[in-house]
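Each value in this text was obtained by applying a stated rule to the coordinates, not by laboratory testing. Computed from a predicted structure; not experimentally measured. Every residue, glycine among them, receives a Cβ derived from its backbone with ideal geometry; neighbour counts consider all protein chains shown.
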Amino acid sequence: MKKRGFTLVELLGVIVILAIIMGIAVVAVMRLNGNVDVTYYNQLEESLLLSGGEYFSYSKDNQPGIFGDQVKVTLKDLVDKKYIDEEIKDKKGNTCDLEKSYVGAYKDQIDKTKYFVCLWCGDEWEPGKEGDSKRANECGGKVDYTLGITAKKKNSHVILDKEGKNWSDEAVELTFETLNEMEYVYVEGTDKKCKLENKNGIKSCTITIEENGIHDLNCYATGSSGGESKETRKENVKLKIDKTGPEFEVKDKKLNVKISGVVNVDVNESNVSAIKEEVEVLVDNIRDNESGIKSIEYSFEKEGVKDKYNSQALASRFEIRKELEAGTYNLKVRVTNNAGIKKEEKIEFRVYREIEDPTTSMYCNNLIYNGGKQTLVKSEGEGYVFSKREGTTAGDYVITARLKEGYRFKNSGTVDAKFTCTIKRKDVTITAKEQTINFDGAIDKSLEQVNVEGLADDQSLKSIDFVENSIDGEADTIEISNAKIQDKDGNETTSNYNITYHNATLLVRPNITYSIKGGTVESGYKSGSTVTVTCSSTDPIKSFVVKLEDGREMKIISSEENKIVSEFTLDAKGDRVISSTCETEYGGTLSQEGKYAIYKAETCSEKVANGYSGTCSCSAGGGMATITHDCSTSFVNTYGGCSGWSSYEHCTTHSGSCKKQYKTNTWTCWKK
């Protein structure tokens, strides 16, 4: 056998193969050593996580509260509280810093508490060291790339499940939250997105889903973290939205027409208690295009009495047949869909007999105020009663006609009818009496100066206003107004009357004065004396007449507008001026009577002999006293009777003519 050695090429091939094997072996050994170190630390962390978790479970007040909260406990606290041993060392035997090393806990998006360990054990494993991003993340918390989502109704803020088990009756707001460094949230397959904003360490935003229907949404957030583009895992949300509600129609089955609001049923029967009507109703086209019908109910309620709803089987239509007596009924149909939206239709059925509305001309009595109670209306017609029947004072009275059960007015419907009855005012005439007053005098304003006609029994005039109208002595009117009338109790009743006033004539006497000179008995003129009579007035004088006893008139010697002078010559036989009348242009008249005479005799006896009557003064002469006595009696010129009487009074008692005796200081009288 020939022996041969390896060629150079073969040796080179063997060397290359050995080098490759050695390289693989070195890499494998290096990876093995690294895995051993990681495993060591993983086991160490797991034991610390158990100790830390035990600590937090017994210290609930120290646990994180809401998403984003993070708390920690140092290894020193765990050693002090006997949760771990005193020394913690790394692979190389370095003792970990118990003050800096800790166990942390935080709340994630689905409200779970997660734990992590942060160890400070020397330069090799210092957190955040370059090339050791894993441990840096651990010390910041093991936050995974999840996206917290809350679904709630837009307006009511009711929280919805994300599995789409229930329907929402309005738009839904999706609120997204994350602790990751994300920028935007997207809803897959749509154009909906929102920008994440940082609020108190939590990044959040909201997207509103408005559209009706069933929605299966995949939502995720994108952005950058640690220099790399990251994306959260997709979170699925299922929603059911129905905002439109159910639909249906209510029809009159007999007429096949849609009905709503009020249905008036007029039954023309005289006996109201026998009024009955059968109504047939069809509830049709019941549907809901989104969530579907959940329930159908109806009730037929009499006015004032509530009825329970009756449930109907789910169908597109159902019928109601009901016999109704006189009165008002409410048919209520209520359909509810699976989103909880209710639609209710209310139909009012009025079963009645229609009657004419009462009016003023039909029922009001023709009344005039009489001071007592009066019946305003005649007896009621069929189907209603009157609220007010009597009135006392004049005026308008609103009468209300209230319907009885089973009736309805033709014009007013079911509302009470109203009309007006009137008690008219009584006509009264008040007339002023004519008055004549002196110039500058006052009219009489007492109630006796008016006549009243037309007052009700036991009523009287309480007061009235008088207005005096005059110009100097001119005749004018007395105006009356503002009368007040009262009943027997003193209560004023003026407003119950129509008062007509009649004014009266006012005659004002002119300011007339007389001036008579001469011819009077007291003056002592003799026969042939001249008597002058003058009339003066504030008004123009129309006439002035002075007549003597024998009918002769005194002649006027001068005449002015406001003054006339008359004159007459008396004779010795005793002429008499018996009357004078002065009349003004405005109707004023003043008349006066008097007797004027002149005599030659100076003794009473002579005056009596000449027929003088009246009281006169006589002088006996020779120093006798002048006395006054009744000259209508005759004197007896004989002495005696009272001679020697000591007093004048005794003599005058005998109505005689007397003289005084100076020596004896006594009186001598001539008796009858």
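Which order do the peptides 294-305, 178-189, 313-324 take when ranked by the mean count of other beta-carbon atoms within 10 Å per residue, highest first? Each step should come with its number before you reach the end.
Numbers: 294-305: 15.0, 178-189: 18.2, 313-324: 12.6.
My ranking of the peptides, most packed first, is 178-189, 294-305, 313-324.
Estimated at 0.36 nm per residue, the fully extended path between Asp476 and Asp396 surpasses their Cα-Cα distance by 24.7 nm.
Annotation: extensible slack from Glu211 through Lys100 equals 34.6 nm (criterion: 0.36 nm per residue apart, minus Cα-Cα distance). Given their separation in residues at 0.36 nm each and the Cα-Cα distance between them, Lys258 and Asp489 gain 76.4 nm when the chain is fully extended.
For the peptides 332-340, 151-159, the ranking by packing is 332-340, 151-159, with the highest mean count of neighbouring Cβ atoms within 10 Å listed first.
Provide Lys203, Lys92 in ascending order of the number of other Cβ atoms located within 10 Å of each residue's Cβ, fewest first. Show your work: numbers first, answer last.
On the way: Lys203 21, Lys92 10.
Ordered by Cβ neighbours within 10 Å, fewest first: Lys92, Lys203.
Computed from label points 7 Å out along Cα-Cβ, the spacing between Val158 and Val79 is 5.7 nm.
Let me make sure I get this right: for region 247-355, a, b and c are the square roots of the gyration tensor eigenvalues over alpha carbons, sorted descending. Under 1.5 in a/c it's rounded, otherwise prolate if a/b > b/c, else oblate. Which is it?
prolate
Between the beta carbons of Asp266 and Glu323, assuming R0 = 22 Å, the FRET efficiency works out to 0.85 to the nearest 0.05. Hey, with R₀ at 30 Å, roughly what FRET efficiency would Val545 and Ser463 work out to, going by the Cβ-Cβ distance, to 0.05? Rounded to the nearest 0.05, the efficiency is 0.10.
Shown is the FRET efficiency for Lys373 and Ser591, computed with R0 = 45 Å from the Cβ-Cβ distance and rounded to the nearest 0.05: 0.20.
Return a whole-number percent for the relative contact order of region 426-508, with Cα pairs under 8 Å and 6 or more residues apart as the contact set.
On the way: 172 pairs, mean separation 34.5, N = 83.
Over region 426-508, the number comes to 42 percent.
Taking 7 Å steps out from each Cα toward its Cβ at Asn330 and Tyr58 produces label points 6.6 nm apart.
Beyond a 25 Å Cα-Cα separation, which of these cross-linked pairs lie in this structure: Lys426/Lys484; Lys258/Lys343; Lys433/Lys484; Lys152/Lys230; Lys89/Lys230? As for pairs spanning more than 25 Å Cα to Cα, those are Lys152/Lys230; Lys89/Lys230.
Between Glu453 and Arg287, the distance separating the two model label sites (each 7 Å from Cα on the Cα→Cβ line) works out to 8.8 nm. Neighbour counts of other Cβ atoms within 10 Å put Leu147, Leu239 in the fewest-to-most order Leu147, Leu239.
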